[in-house]
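Read-outs throughout are calculated quantities, based only on the coordinates presented, and are distinct from any laboratory measurement. On a predicted model such as this, the values are computed, not experimentally measured, just so you know. Because the Cβ atoms are built from the backbone with ideal geometry, glycine has one as well, and the counts that use them run over all protein chains shown.
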Ligand code: FES
């Protein structure tokens, strides 16, 4: 199974396995990653799964969708590399993905 590493704001890393077809947000919830709430269940409607995607991965994860961009306008600490991780579906091509959890999910 592909792996994704979550990096907390304090630098603590958590590498977890996630089956293909699941979202990065689901991987976070299934592994109790602190700072990822996923309140809307992955419908791109809450902004509580905000992460930063490491530069080397952005070509493979793709960019924000228009709906995702609109939702991120309500989030704190938005940057060019911001993504809502419920919108990133794991594939074998994303094995080794690194995402940094945003400081706040509000
Ligand atoms: Fe709600 Fe991602 S879980 S926007």
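Scanning region 61-106 for residues that are assigned to a helix (DSSP H, G or I) and without any contact (Cβ under 8 Å) to a residue 24 or more places away in the chain, which turns out farthest from the ligand (Cβ to nearest atom)?
66
Any idea which of 24, 7 is touching a helix residue (DSSP H, G or I) at 6+ places or on another chain (Cβ under 7 Å) and under 14 Å from residue 99 (Cα atoms)?
One residue alone meets the criteria, 24.
Check off (1) in contact (Cβ under 8 Å) with a residue 40 or more places away in the chain; (2) surrounded by 13 or more Cβ atoms within 10 Å (Cβ to Cβ); (3) more than 13 Å from the chain's Cα centre (by Cα) for residue 21 and give me the number that stays unchecked.
Here residue 21 meets the rest and fails (2).
Name, by its number, the condition in (1) exposed (fewer than 15 other Cβ atoms within 10 Å of the Cβ); (2) within 12 Å of the ligand (Cβ to nearest atom) that does not hold for residue 58.
For residue 58, the failing item is (2).
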